[in-house]
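The values are calculated or read from the model by the stated rules, or taken from the named source; none is laboratory data. Just so it is clear, the model here is predicted, and its values are computed rather than measured. For neighbour counting, all protein chains shown are included, and Cβ atoms are generated from backbone atoms with ideal geometry for every residue, glycine included.
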Amino acid sequence: MSNQSTYNKSGLTLSRFKRLMKGLCANLTADEMQKLKKVVKKAIAAKAYDDNKRIGSIADLTVSTCIILLEELGMKSPSVIALILYRPIVSKTTDIEEVKKLFGKDVADIVTGLIKVNSLEATQSAMASDNYIKLLISLAEDMRVILIKIASRLYEIRCAERYSEQYRMRLAMEVSYLYTPLAHKLGLYNIKTEMEDLYLKYTDKEAYNYIKEKISESKAARDRYIDEFIAPIDEKLKETGVKYDIKGRVKSISSINNKLKKQKVDFESIYDLFAIRVILDSPLDKEKAECWQVYSIVTDLYTPNPKRLKDWLSIPKSNGYESLHITVMGPQSRWVEVQIRTRRMDEIAERGLAAHWKYKGVKSQSRMDDWLTNLREMLENKDIESDEKLENFKLDLYDDEIYVFTPKGDLHKLPNGATILDFAFSIHSRVGSTCVSGKVNGRNVSIRHKLKNGDQIEIITSPNQSPKRDWLNFVVTSKARNKIRQSLKEEANKQVEIAKEQFKRRVKNRKIEISEGTLMRLIKKMGFKTITDFYIKIAEESLDVNSVIDQYLELERKETEIHEKHETVSADKFVPLNIETEKDPVHSEELVIDQNLTGVDYKLAKCCNPIYGDEIFGFISSQGIKIHRRNCPNANDMLSRFPYRMIPARWSGKSGSTYTVTLRIIGNDDIGIINNLTSIIAKENGISMRSISIDSNDGLFHGNMSVTLNNTDMLNGLIKKLRAVKGVKDVSRLN
């Protein structure tokens, strides 16, 4: 590992190599270091860490990921050794048995897990839902494999600007869809936040840069306010004699962006741009008492909002997060969030699950193991569709928790919004399936009743009860949804078998020979997506069997006539009937779909109306390929739920089409301002006005103006000129 020249050839800087060596020396024994050097030297000689096909260096990725594991996650030697040995194993300069012999079964198991995960990611269809299921199952085998992959993806997305546009977008989607929610679940909040910010940077650069500039502009005023807020707290804390740090921190760019979208306000209207954090150096046995002491000091100085108290001291989150959050009214009548925690709690908050190996006796590890076990059971359930599995996976990752109790006082953690029925299924699937109602704090409630923190719940069951399809409309836990779907499917299968027998008997009675192919075409023509749906309708008696047989005979007669009519036509001239062919939409040569495909049918999505020059992506929908802007209001939802349907797309050549764009204009309701706006548009070459609508209220006008133009350069130039008109306050593009 001392072969400096080899590493430099791989694009690895010497400073990072030294950082890695320092971290290894602090975590490995002298014997482990010698063994590791021997294996790596052999791998370097065989060029195991070189890969000309890859964007960037394998050595660079390996070393940088190891540094993240050691410095940012505080991981111990087995994980780091396993990552370093992954390349020698793949390049066959050593094998698993040798690794097991030199470093033990623990390291060998992690390497095996990495090989399984990386082999899935290497396939061309890595974003396909079925492949993602396999990937998640492999990840769920060992928590440390998840942490290594998170560290690896964190490094890659930090360096994403040096990658190709196609790879960068694929990486951003993968990070957003898989690794960001995993980081959230494992309590790696710093990493989760950084990944969210970088995703925004690469998918909506305009929004990212706008917020970044605004944060920078408001820094001086914000720092003055934080100092003013902290000063009296600091003075009171010094009197107590407790050891502490107190600081203010700005909230992340992505969270501010979410607030702007959710609250539909401008940047200046967001009051909670920052939070104050008090970190105590408390002994383990005094942690809670000293945190509540600080709480008392803060709430004596500033009026608290009781609705926004979050007590994760008494009952930590399932990922081990412990902290006390309060929101108080600060100077200038502004709400300020204050977070109170100890140094140990802060390290767990920063490093998440990885920090638990440092602190013995913390129970979060077993809770996470339980989550992994439940995750594997759900993912391996063949009765659940792939898309549903991925939805359930996301649901489990991003839930906010509430804490409820059984009549005996046993604690249950459920997602916020959970119902009586969710609670029943959390106890046992049989209890959930037969649940008819419940009692909350002694009061009778229905199975739809939403639970609150601290509720004491009793479940009432009946042997005559069974799962209903409408239950899926109000349960929120993946366990409840999975069990309900499983029961419904089992019941549906029984009904389908009965319906099949009924159909066969009617066909036999009418002395008809059924062609399976013709029957399948009829079922499709009738609008059924699956054969099961068809037979369920028969079982429910909402579809008459005799009517179906009559339709079958009619279809068979038509197909026979068509066959006779075309049987003498040559194959190259034959065109099947009833097949609609759709012409290319707008100038498909202007777009390159996926890697190098041109002339592919697509449609421009109406939700965001992309025009030539916008940053775009393709999305495979039931109506074909739709082209969306990267900052489309629906993009996050589509890409987080169905990343495997996303395909890269870019504009090519020169724009030959015209596109319609609607502009939202706000200004003073002055005489002549509309004429000034329309005259500017009239003078612009290649730009035409299609429509204009104006409303005025309290001296302001709000107008929507639709124009046709060729590309974003023309659009940006027009917006700049319209904003310069006297009396115009804002001009923005509507989605």
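For Gly241, indicate whether it is touching a strand residue (DSSP E or B) at 6+ places or on another chain (Cβ under 9 Å), modelled with pLDDT under 90 and in the same structural domain as Glu350 (by TED's automatic domain parsing). It is false that Gly241 is touching a strand residue (DSSP E or B) at 6+ places or on another chain (Cβ under 9 Å), modelled with pLDDT under 90 and in the same structural domain as Glu350 (by TED's automatic domain parsing).
Here's a check for you: in the stretch 48-67, which residue that is at pLDDT 75 or above and out of contact with any Asp or Glu (no Cβ under 8 Å at 6 or more places or on another chain) is farthest from Ser91 (Cα to Cα)? The extreme case among them is Ile67. Beta carbons closer than 6 Å, at least 6 apart along the sequence or on distinct chains, pair a first residue in the stretch 167-194 that is at positive phi with a second that is outside any helix (DSSP H, G or I) for Gly187/Asn319; Gly187/Gly320; Gly187/Tyr321. Summed over the stretch 494-544, the residues that are surrounded by 14 or more Cβ atoms within 10 Å (Cβ to Cβ), of a type in the set (A, V, I, L, M) and farther than 21 Å from Arg557 by Cα give a count of 7. In the stretch 290-329, which residue that is of a type in the set (S, T, N, Q) and closer than 26 Å to Leu414 by Cα is surrounded by the fewest Cβ atoms within 10 Å (Cβ to Cβ)? Among those residues, the one meeting the criterion is Ser314. Just one of (1) at pLDDT below 75; (2) among the β-branched types (Val, Ile, Thr); (3) not assigned by TED's automatic domain parsing to the domain that holds Arg645 fails for Val600. It is (3). For first residues located in the stretch 496-525 and aliphatic (A, V, I, L, M), partners that are not in a helix (DSSP H, G or I) and lie 6+ apart or on another chain with Cβ distances below 7 Å form the pairs Val507/Ile514.
One residue alone among Glu337, Glu377, Glu322 is acidic (Asp, Glu), outside any loop (DSSP other than H, G, I, E, B), modelled with pLDDT of 60 or more and assigned by TED's automatic domain parsing to the domain that holds Thr240, and that residue is Glu337.
Is there a residue in the stretch 200-211 that is within 30 Å of Thr303 (Cβ to Cβ), crowded, with 18+ Cβ neighbours inside 10 Å, of a type outside the set (D, E, K, R) and at pLDDT 90 or above? Taking every residue of the stretch 200-211 in turn, none turns out to be within 30 Å of Thr303 (Cβ to Cβ), crowded, with 18+ Cβ neighbours inside 10 Å, of a type outside the set (D, E, K, R) and at pLDDT 90 or above. Give the stretch 77-92 a look and list any residue that's over 13 Å from Leu36 (Cβ atoms) and either in contact with a Lys or Arg (Cβ under 9 Å, 6 or more places away or on another chain) or not assigned by TED's automatic domain parsing to the domain that holds Met143 (or both), or say none. Scanning the stretch 77-92 gives Ser79, Ser91.
Mind checking which residues of the stretch 632-645 are modelled with pLDDT under 80 and either of a type in the set (A, V, I, L, M) or out of contact with any helix residue (DSSP H, G or I) (no Cβ under 6 Å at 6 or more places or on another chain) (or both)? Asn636, Asp637, Met638, Leu639, Arg641, Phe642, Arg645, listed by residue number. Considering the stretch 686-726 alone, what residues qualify as being of a type in the set (Gly, Ala, Ser) and surrounded by 15 or more Cβ atoms within 10 Å (Cβ to Cβ)? Those that are of a type in the set (Gly, Ala, Ser) and surrounded by 15 or more Cβ atoms within 10 Å (Cβ to Cβ): Gly703, Ser706. Just the residues that are of a type in the set (A, V, I, L, M), assigned to a helix (DSSP H, G or I) and under 30 Å from Glu196 (Cα atoms), please, taken from the stretch 229-253. Of everything in the stretch 229-253, those that are of a type in the set (A, V, I, L, M), assigned to a helix (DSSP H, G or I) and under 30 Å from Glu196 (Cα atoms) turn out to be Ile230, Ile253. Among the residues in the stretch 543-552, are any within 44 Å of the chain's Cα centre (by Cα) and small (Gly, Ala, Ser)? No, that holds for no residue.
Considering only residues in the stretch 221-245 that are buried (at least 18 other Cβ atoms within 10 Å of the Cβ) and within 16 Å of Cys291 (Cβ to Cβ), the one that is farthest from the chain's Cα centre (by Cα) turns out to be Leu237. Is it the case that the stretch 693-704 has a residue that's assigned to a strand (DSSP E or B), of a type in the set (A, V, I, L, M) and without any contact (Cβ under 8 Å) to a residue 24 or more places away in the chain? Looking through the stretch 693-704, at least one residue is assigned to a strand (DSSP E or B), of a type in the set (A, V, I, L, M) and without any contact (Cβ under 8 Å) to a residue 24 or more places away in the chain.
Answer yes if at least one residue in the stretch 73-80 is closer than 17 Å to Glu156 by Cα, modelled with pLDDT under 85 and touching a helix residue (DSSP H, G or I) at 6+ places or on another chain (Cβ under 9 Å), and no otherwise. The answer is yes; a qualifying residue exists.
Considering the stretch 261-289, and only residues there that are within 30 Å of Asp637 (Cβ to Cβ) and at pLDDT 80 or above, the residue that is surrounded by the fewest Cβ atoms within 10 Å (Cβ to Cβ) turns out to be Ala275.
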